[in-house]
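So the structure is just underneath, and the comments pick up after that.
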Amino acid sequence: MEEIRLVLTAPVDNLCDYTFNFHYLNQKLDPKSQIPYQTEGSYTYRDLVDALKKGADVHIKSDVGERLAFGMGADLKHLGGTGRPEPAGRVFVDGNVGAEAGMGMVAGMLYVSGTLKEPLGNIIEVVSDEGGYRKFRSITDIMCSGPVDDTLVSNSLDEIENILTISDGILRSTIGARMDRGTVVVEGDVYNGTGLLMRRGFVYVKGSAGMNTGSRLDGGTVVVSGTVDEFAGAYMKSGNLVINDAKGYVGANMTGGAIYSRKKVSLSLPAAPGKKSGENSKMLRRVLDTGRLEAMLYHKYEVGSRKEEYIKVHMRDGSVIMRKVDTKK
């Protein structure tokens, strides 16, 4: 299968980005846009993704910008796909890589000769099988497909219990994106988007988390021992998000699932206080490894039963808010 060789004179953001939902110089790019700074050839952003979808290699000779391989290996629904992982090729970078490489990545491999700027995405380093390169795989891929012939660097995997323990101190975003089995334990803080679109499984963060924690969670459980930043549980569909506290509003536009917080938090519609059941308390005792009294301290939030009294309002900046309907008129 023919590989792509891309030589650049300056770093470019969003290379090998499966989402195509990105901008350049404040303009949203067409996937057929030609990648800037090429010394020869006329590859487009879509050319790189199409090659990876066919299992080909993409070689980039240059430093690259941010969000390399965003969503790599996902058959995205907003582009007409299934939303499930699919096989992907390999990306080689002869140079350094900007922040959030592998964000939301679920398949394929990254080989980098230089450094990667933190935060990383949903990737973890394994022993390289290519001289002169460090090798990275998706955390989701390892949890769902196993390590195969790869050995982790600086972290540990219990293959019998399928438990990955991340203790290397590297800040990461979108940990467990689209994961449908396994347990990931992070011995420290994480960045944004933990548990994004996760279907099943368990992610336990022993520190604090960034924005969009549990965003679009579709099953499974995310536990954060510390504080989460804004927009936790936004667009949540199913599953459990268990936190200690939140800096901003939680539950914006959620349609299902439940959020549990030890401290009372501010809510975005349609999230509302709920009543814990006996099964909820058992779940909390299990995932927190705590007793009955401690589990009782947690507040439950879920989709309000009177959500029909709210309507969606589209704002000029593109955001959507829920506004209460005056039923007294």
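The values are calculated or read from the model by the stated rules, or taken from the named source; none is laboratory data. Quick caveat, the model's predicted, so the values are computed rather than measured. Cβ coordinates were reconstructed from backbone atoms using ideal geometry, including for glycine residues, and neighbour counts include every protein chain displayed.
Being in a helix (DSSP H, G or I), in contact with a strand residue (DSSP E or B) (Cβ under 6 Å, 6 or more places away or on another chain), modelled with pLDDT of 90 or more and on the phi < 0 side of the Ramachandran plot narrows it down to one residue among LEU48, LEU15, LEU6; which is it? It would help to see each step written out before you state the result.
On the way: LEU15 fails: in a helix (DSSP H, G or I); LEU6 fails: in a helix (DSSP H, G or I).
The conditions single out LEU48.
Output yes when any residue across the stretch 159-168 is surrounded by fewer than 22 Cβ atoms within 10 Å (Cβ to Cβ) and at positive phi, and no when none is.
Yes, there is a match, as at least one residue in the stretch 159-168 is surrounded by fewer than 22 Cβ atoms within 10 Å (Cβ to Cβ) and at positive phi.
Select from the stretch 24-45 the residues that are assigned to a loop (DSSP other than H, G, I, E, B) and polar (S, T, N, Q) and write down the one among them that is farthest from GLY89 (Cα to Cα).
Within the stretch 24-45, the subset assigned to a loop (DSSP other than H, G, I, E, B) is 25-26, 29-33, 35-37, 39-43.
Subsequent filtering for residues that are polar (S, T, N, Q) retains 26, 33, 39, 42.
Working: ASN26: 30, SER33: 22, THR39: 24, SER42: 21 Å.
Among those residues, the one meeting the criterion is ASN26.
May I ask you to say which residue of TYR45, TYR37, TYR18 is aromatic (Phe, Trp, Tyr) and surrounded by fewer than 14 Cβ atoms within 10 Å (Cβ to Cβ)?
On the way: TYR45 fails: surrounded by fewer than 14 Cβ atoms within 10 Å (Cβ to Cβ); TYR18 fails: surrounded by fewer than 14 Cβ atoms within 10 Å (Cβ to Cβ).
None of the others qualify; the one that does is TYR37.
So, in the stretch 279-300, of the ones that are in contact (Cβ under 8 Å) with a residue 12 or more places away in the chain and outside any helix (DSSP H, G or I), which residue ends up farthest from ARG262 (Cα to Cα)?
Restricting to residues being in contact (Cβ under 8 Å) with a residue 12 or more places away in the chain and outside any helix (DSSP H, G or I), the top hit is LYS300.
Search the stretch 203-221 for residues being crowded, with 24+ Cβ neighbours inside 10 Å and hydrophobic (A, V, I, L, M, F, W, C), and hand back the single one that is nearest to the chain's Cα centre (by Cα).
The extreme case among them is LEU217.
Those residues that are within 18 Å of MET179 (Cβ to Cβ), in contact (Cβ under 8 Å) with a residue 24 or more places away in the chain and outside any loop (DSSP other than H, G, I, E, B), I need them from the stretch 73-102; list them, please.
ALA74, PRO85
If you check SER128, SER138, SER145, SER113, which single one turns out to be surrounded by fewer than 22 Cβ atoms within 10 Å (Cβ to Cβ), under 18 Å from GLY55 (Cβ atoms) and among the polar types (S, T, N, Q)?
SER145
From the list GLY239, GLY226, exactly one residue is among the small types (Gly, Ala, Ser), surrounded by 21 or more Cβ atoms within 10 Å (Cβ to Cβ), more than 16 Å from GLY304 (Cβ to Cβ) and over 15 Å from the mean Cα position of the chain (by Cα). Which is it?
The match here is GLY239.
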